[in-house]
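Enquirer: First, the structure itself, so that you have it in front of you.
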Amino acid sequence: MKQGQPNTSSSAQPLTVKDVESQARTKMEKVISDLQHEMASIRTGRASINLFDGILVEAYGSQMPINHLATLHVPEPNLVTIQPYDVSQIGAIEKAIRASDLGLNPSNDGKIIRVPIPALTEERRKELVKHLHHVAEEHRVAVRNIRRDSNEAVKKLYKDKLISEDDERRALDEIQKLTDSYIAKIDQLAKVKEKDILEVK
């Protein structure tokens, strides 16, 4: 989209302040859902099928997510069962779990894979919390980058005389408020997850 052109034809209309704010909100929302997805695969002391989200299995000549090849269940707080749709894939699924960095020890009876989820050691909990902080920080940086791009877009509108100085100031304030609220959401999500990791059952 060409910015800074006069409002002659509707196809080349410059962004408005509202557009910039709404795009910033949409992008920040995406950062939050990405964070939630990434945090779901960080282990806590409880069994969860989300642990296996990031594992890809070499099957049918390509890399496939486990949940495309099997049904996952949590029958007990410290056990996950994996039932392949096609039992010929059982070995490949088990191999992928062993090769992951989850440190799990699956076993199968030819039909179903059982993955005991061992209690986390103190040291492992600390490592996971450290990883969680790193993931949260990456997402804070992503939100700040969106703020920076949005601020630049607003300043360009002012420079091109498409908005007044008051509009510019108001928009920059709005974007800062948006940034603060999404950073606070990230902090809150990370805090809840950290409590989950450190909680000894």
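The values are calculated or read from the model by the stated rules, or taken from the named source; none is laboratory data. Just so it is clear, the model here is predicted, and its values are computed rather than measured. FYI the Cβ positions are ideal-geometry reconstructions off the backbone, even for glycines, and counts take in every protein chain you see.
One line per residue, one yes/no per condition, for (1) assigned by TED's automatic domain parsing to the domain that holds Y182; (2) within 18 Å of the chain's Cα centre (by Cα); (3) without any contact (Cβ under 8 Å) to a residue 24 or more places away in the chain:
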position: I55; (1), (2), (3): no, yes, no
position: P65; (1), (2), (3): no, yes, yes
position: Q89; (1), (2), (3): no, no, no
position: L128; (1), (2), (3): yes, yes, no
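Enquirer: In segment 34-67, which residue that is farther than 16 Å from R98 by Cα and of a type in the set (D, E, K, R) is modelled with the lowest pLDDT?
Expert: Of everything passing the filter in segment 34-67, R46 is modelled with the lowest pLDDT.
Enquirer: Can you go through D167, D160, D196 and tell me which one is acidic (D, E), touching a residue at least 60 places away in the same chain (Cβ under 8 Å) and surrounded by 16 or more Cβ atoms within 10 Å (Cβ to Cβ)?
Expert: Values: D167 fails: surrounded by 16 or more Cβ atoms within 10 Å (Cβ to Cβ); D160 fails: surrounded by 16 or more Cβ atoms within 10 Å (Cβ to Cβ).
Exactly one of D167, D160, D196 is acidic (D, E), touching a residue at least 60 places away in the same chain (Cβ under 8 Å) and surrounded by 16 or more Cβ atoms within 10 Å (Cβ to Cβ), namely D196.
Enquirer: Determine which single condition R98 fails, assuming it passes every other condition in (1) under 25 Å from the mean Cα position of the chain (by Cα); (2) on the phi > 0 side of the Ramachandran plot.
Expert: (2)
Enquirer: Still on this structure, please answer the following. Is it the case that L172 is in contact (Cβ under 8 Å) with a residue 24 or more places away in the chain and either assigned to a helix (DSSP H, G or I) or at negative phi (or both)? First the steps, then the outcome.
Expert: On the way: in contact (Cβ under 8 Å) with a residue 24 or more places away in the chain: no; either assigned to a helix (DSSP H, G or I) or at negative phi (or both): yes.
The answer is no for L172.
Enquirer: So, L104, is that one surrounded by 12 or more Cβ atoms within 10 Å (Cβ to Cβ), in a helix (DSSP H, G or I) and either touching a Ser or Thr at 6+ places or on another chain (Cβ under 8 Å) or of a type in the set (A, V, I, L, M, F, W, C) (or both) or not? Show your work before the answer.
Expert: Values: surrounded by 12 or more Cβ atoms within 10 Å (Cβ to Cβ): yes; in a helix (DSSP H, G or I): no; either touching a Ser or Thr at 6+ places or on another chain (Cβ under 8 Å) or of a type in the set (A, V, I, L, M, F, W, C) (or both): yes.
In short, no.
Enquirer: From the list H139, H134, exactly one residue is touching a residue at least 12 places away in the same chain (Cβ under 8 Å) and within 23 Å of H37 (Cβ to Cβ). Which is it? It would help to see each step written out before you state the result.
Expert: Numbers: H134 fails: touching a residue at least 12 places away in the same chain (Cβ under 8 Å).
Being touching a residue at least 12 places away in the same chain (Cβ under 8 Å) and within 23 Å of H37 (Cβ to Cβ) holds for just one of H139, H134, which is H139.
Enquirer: Here are V129, V141, V154, V192: which of them is in contact with an Asp or Glu (Cβ under 9 Å, 6 or more places away or on another chain), assigned to a helix (DSSP H, G or I) and within 30 Å of G103 (Cα to Cα)? Explain how you work it out, then say what you get.
Expert: Details: V141 fails: in contact with an Asp or Glu (Cβ under 9 Å, 6 or more places away or on another chain); V154 fails: within 30 Å of G103 (Cα to Cα); V192 fails: in contact with an Asp or Glu (Cβ under 9 Å, 6 or more places away or on another chain).
Unique residue meeting the criteria: V129.
Enquirer: Further question on the same structure: Which residues, counting only those in segment 93-103, are under 17 Å from V74 (Cβ atoms) and touching a residue at least 40 places away in the same chain (Cβ under 8 Å)? Let's see the steps before the verdict.
Expert: Pass one, segment 93-103, residues under 17 Å from V74 (Cβ atoms): 93, 97, 102.
Matches in segment 93-103: I97, L102.
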